[in-house]
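Asks: Input: one structure, supplied below.
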Amino acid sequence: MNEAQSVIVETPSEAVRLVRMYRPQARNALNLVVRRGLMQALAEASEACEVRAVILTGDDKAFAAGADIGEMKDASPPDIHARRIEAFWESVGGFQKPLIAAVNGYALGAGCELALACDIVVAGRGACFGLPEVRLGIMPGGGGSQRLARIAGKHVALRYMLTGERFEAEAAWRHGLVTDLTADEETLPTALAIAEKIAAMPPLAVAKIKESVVKGLNAPLDAALALERQSYYFLNATADKEEGVAAFLEKRPGRFSGK
Ligand code: DAK
């Protein structure tokens, strides 16, 4: 546990880190302490070679109910600038290993943006999403307006952002924000099973696939296809490719070295 116990880091297995936002008295609202704790946990997971996938979660009531509204109250633009909140969002968006959100309860505002910034989102049927910033006279500032529009399309993004209305996990799944819809009690086990599956894959292939998709989405198609091709050639020169092909032909599981 770190940062006054607002973020708890668990190691369900050597290859999987579970990072839990823990500020239940405020529905896990992302104050400065929680943001710092998350940044620290991600930096440590990034450094640790044995970690192959990270799960972000909250508790039964909330993944996270947004940025801390109390901290916003008297914040002027220079105050907000000085807090360097973008460093937090960059640490999530730029995280190189697979990041899985396991969402139960509320994922609102910055909490929803956090889920949107992950690579895979598992949600319990009772989860509730939304970007209600408009009701506070502001707008999503953690990438939500761009990521929701890219994932769900302009109409869906504006439908929810302009009204601030919440939407249920089932709708989030229909709109493509949620990859896996589960019973609430299955959210974490499902996320863990996905993380373990990824962790058993050849690490270089996993890294290149994530890089190709995430960077490719920000690039024109020609440049994105060139990046994909380059990564493909790179992977063809790895020991893991040799092992993966040999394992298939010999009808046995692959033993990958990450080389
Ligand atoms: N901030 C602070 N405290 C919060 C909170 C929040 N976002 N959400 C809940 N809490 C606190 C409540 O004040 C309450 O505290 P006490 O009264 O017990 O002291 C406690 O958590 C329990 O909340 P409720 O009593 O309201 O519990 P309910 O189950 O009835 O309702 C709720 C849960 C999540 C539906 C409700 O609390 C709610 O609507 N919360 C606000 C949700 C919201 O509007 N979220 C968006 C916040 S704005 C930026 C990047 C991103 C952002 C900003 C800048 N930059 C890069 C600059 C993001 C902005 C936002 O997220």
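Asks: Go through the stretch 58-71 and count every residue that is surrounded by fewer than 24 Cβ atoms within 10 Å (Cβ to Cβ) and either under 12 Å from residue 124 (Cβ atoms) or near the ligand (Cβ under 7 Å from one of its atoms) (or both).
Replies: Final tally of qualifying residues: 6.
Matching residues to (1) in contact with a strand residue (DSSP E or B) (Cβ under 8 Å, 6 or more places away or on another chain); (2) of a type in the set (Gly, Ala, Ser):
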{"site": "18", "(1), (2)": "yes, no"}
{"site": "21", "(1), (2)": "yes, no"}
{"site": "26", "(1), (2)": "no, yes"}
{"site": "34", "(1), (2)": "yes, no"}
{"site": "37", "(1), (2)": "yes, yes"}
{"site": "41", "(1), (2)": "yes, yes"}
{"site": "50", "(1), (2)": "no, no"}
{"site": "58", "(1), (2)": "yes, yes"}
{"site": "63", "(1), (2)": "yes, no"}
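Asks: If you go through the stretch 98-109 one residue at a time, do you hit one that is farther than 25 Å from residue 204 by Cβ, among the polar types (S, T, N, Q) and within 15 Å of the ligand (Cβ to nearest atom)?
Replies: Within the stretch 98-109 (the criterion being farther than 25 Å from residue 204 by Cβ, among the polar types (S, T, N, Q) and within 15 Å of the ligand (Cβ to nearest atom)), the answer is yes, since at least one residue qualifies.
Asks: Please find, among 90, 71, the residue that is assigned to a helix (DSSP H, G or I), in contact (Cβ under 8 Å) with a residue 40 or more places away in the chain and among the acidic types (Asp, Glu).
Replies: After applying the criteria, what remains is 71.
Asks: In the stretch 135-157, how many residues are in a helix (DSSP H, G or I) and either more than 10 Å from the ligand (Cβ to nearest atom) or in contact with a strand residue (DSSP E or B) (Cβ under 9 Å, 6 or more places away or on another chain) (or both)?
Replies: 12
Asks: Select from the stretch 1-33 the residues that are assigned to a helix (DSSP H, G or I) and out of contact with any helix residue (DSSP H, G or I) (no Cβ under 9 Å at 6 or more places or on another chain) and write down the one among them that is farthest from the ligand (Cβ to nearest atom).
Replies: Taking the candidates together, the pick is 33.
Asks: Condition test on residue 100, is it of a type in the set (Val, Ile, Thr), modelled with pLDDT of 95 or more and outside any helix (DSSP H, G or I)?
Replies: Judged against the criteria, residue 100 is a match.
Asks: Follow-up. With respect to the numbered conditions (1) farther than 27 Å from residue 161 by Cα; (2) in contact with a Phe, Trp or Tyr (Cβ under 7 Å, 6 or more places away or on another chain); (3) of a type outside the set (Lys, Arg), which one is the sole condition not fulfilled by residue 54?
Replies: (2)
Asks: If you don't mind, there's one more thing I want to ask. Looking at the structure I just gave you, is residue 207 aliphatic (A, V, I, L, M) and surrounded by 14 or more Cβ atoms within 10 Å (Cβ to Cβ)?
Replies: Spelling it out, residue 207 is indeed aliphatic (A, V, I, L, M) and surrounded by 14 or more Cβ atoms within 10 Å (Cβ to Cβ).
The values are calculated or read from the model by the stated rules, or taken from the named source; none is laboratory data. This one's a predicted model, so the numbers in the text were calculated from it and none came from an experiment. Every residue, glycine among them, receives a Cβ derived from its backbone with ideal geometry; neighbour counts consider all protein chains shown.
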